[in-house]
Every structure is written in structure tokens, then in C-alpha cells.
Amino acid sequence: AQSVTQLDSHVSVSEGTPVLLRCNYSSSYSPSLFWYVQHPNKGLQLLLKYTSAATLVKGINGFEAEFKKSETSFHLTKPSAHMSDAAEYFCVVSDRGGYQKVTFGIGTKLQVIP
Amino acid sequence: DTEVTQTPKHLVMGMTNKKSLKCEQHMGHRAMYWYKQKAKKPPELMFVYSYEKLSINESVPSRFSPECPNSSLLNLHLHALQPEDSALYLCASSQEERQGYYEQYFGPGTRLTVT
């Protein structure tokens, strides 16, 4: 069985300050982990994914995430928030073999204050 | 071209109407997905097509009927819907169905309102 927990439903940061969106997972297999972003009334866009290579994964728009097996975490970070980062972020887990369906977290809404 | 397109963008339909949602991708992907997303919730998987065959049906009511005419197109036929079916319907595709291995590319969605 697999599950994913996004620890914050809402995060608010000031423009130019760091962003931290937290995600913990549980998986019976070696996991694949993804972060997707969804702007209002839009589809989801992949930010980054971890499948088995480097534990520090760099994505688009300056985002990165670190896979920590001992902590079962895959937190998303960005050094400096931009107004355009305001959106909903979903952490997603599946088994690395890929034969199970993905499981979405409930989402974290990021608000960026000017 | 890494784009998934969906038409229409918005759809309002009565409970007795029949309508269809359309999705198209030209990335050569062999897996295509329909999701339903209610406000402030994550997407919920409805159907998966793999190599143009229905692979997963998440016990979706029969008033939703998917169709995959070819490897680039995915339709969702709607009939006798209920107001609670109002939602954003998202289409996605991936290289193959191994969801934990291949990322999914999402379309912008169709905002459906059932009156």
C-alpha cells in the first residue's frame, strides 16, 4: 500500500523569501515521487520527479526536492518565492516499478504576499 | 510538442443532454487518462487507456463512457449526468501506463457544469 501526506494545506510566504512545502510518503516498494503544480483553472504541470537517481532533484522554475528515505520525506523547496509561484502543489507517489497507480496528496495552496 | 489539448474549455449541460469531451495529444504517448477534479481536491482517476484499450475503470458510473478512437485521441461521452458531476475534467497522457515511472502530461481541463 502507498500513501502520501502533505503536511500543510496552506502556506503563505512573502515574495523573495524561501518556500518549503512538506510531503511525507509511505510505500511498500521503492517509491517514485513527483511534484505537480496547478495554477487556478489550469491543468497540472510536472515540476520534478524522483525515480532512483540523485536524491536531490532539480525541477523547473527554480524548485528542487530532496528524497530522504530515512525520514520518508520529499519536501519541495525554492530559495526565493515569486508572485507567479502562487498555485496549488500536489505531491504524488507510486511504486518505482510503475505498475501501481499513482496516489495524489491533498494539495498545498501556496500564497505569495507582495 | 508537449501539449495535451482539451475541448471544450467550458460546458454547461442539462441532466437530459448528451455531450462529449475531447482530448488530443501528439507526443506519441500510448497511455491516456481521464480524471475528475472537484474544487480544492486532488484529481481522482476515472479511466486509463493503454495502447487504445481500456486498462482501468475506477468503478465510474455508466453515465460516463470513455472512447479511444486512436492513439492520439480520447473522448468522454456524457449522458444523463447529475449536478454532483459538475467538476473540472482533466485529460492526461504518458509514454506508457507505468504510472510510477513515466510522468503524466495534463491538459488544461474542461469545466463542466450540470444544471
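The values are calculated or read from the model by the stated rules, or taken from the named source; none is laboratory data. Bear in mind the structure is a predicted one, so any value in this text is a computation, not a measurement. Here the Cβ positions follow ideal geometry from the backbone for every residue, glycine too, while neighbour counts run over all protein chains shown. Heads up: the accessible areas ignore ligands, DNA and RNA and are worked out on the full protein's heavy atoms, side chains in. Shrake-Rupley method; radii C 1.70, N 1.55, O 1.52, S 1.80 Å.
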Any idea which of B:Y89, B:Y105, B:Y101 is within 12 Å of chain A (Cβ to nearest Cβ), open to solvent by 50 Å² or more (accessible area, probe 1.4 Å) and under 21 Å from B:P8 (Cα atoms)?
B:Y105
Going through segment A:62-83 in order, the residues found to be touching a strand residue (DSSP E or B) at 6+ places or on another chain (Cβ under 6 Å) and among the charged types (D, E, K, R) are A:E64, A:E66, A:K78
Looking at segment A:1-44 only, could you name the residues that are free of Cβ contacts under 8 Å to residues at least 12 places away in the same chain and either within 15 Å of A:K68 (Cα to Cα) or surrounded by 13 or more Cβ atoms within 10 Å (Cβ to Cβ) (or both)?
A:K42, A:G43
Name every residue in segment A:64-108 that is open to solvent by 70 Å² or more (accessible area, probe 1.4 Å), at pLDDT 95 or above and facing chain B (nearest Cβ under 8 Å), in order of residue number.
A:I106
Checking B:L74 against (1) within 13 Å of chain A (Cβ to nearest Cβ); (2) more than 25 Å from A:D95 (Cα to Cα); (3) of a type in the set (A, V, I, L, M, F, W, C), which test does it fail?
(1)
Just checking, which of B:K9, B:K22 is at pLDDT 95 or above, away from chain A (no Cβ under 12 Å), within 14 Å of the chain's Cα centre (by Cα) and closer than 16 Å to B:G107 by Cα?
B:K22
Name the residues in segment A:45-63 that are open to solvent by less than 50 Å² (accessible area, probe 1.4 Å) and within 14 Å of chain B (Cβ to nearest Cβ), would you?
A:L46, A:L47, A:L48, A:Y50, A:T51, A:V57, A:G59
Within segment B:37-52, take every residue that is of a type outside the set (S, T, Y) and more than 11 Å from every other protein chain (Cβ to nearest Cβ) and give me the one that is surrounded by the fewest Cβ atoms within 10 Å (Cβ to Cβ).
B:K38
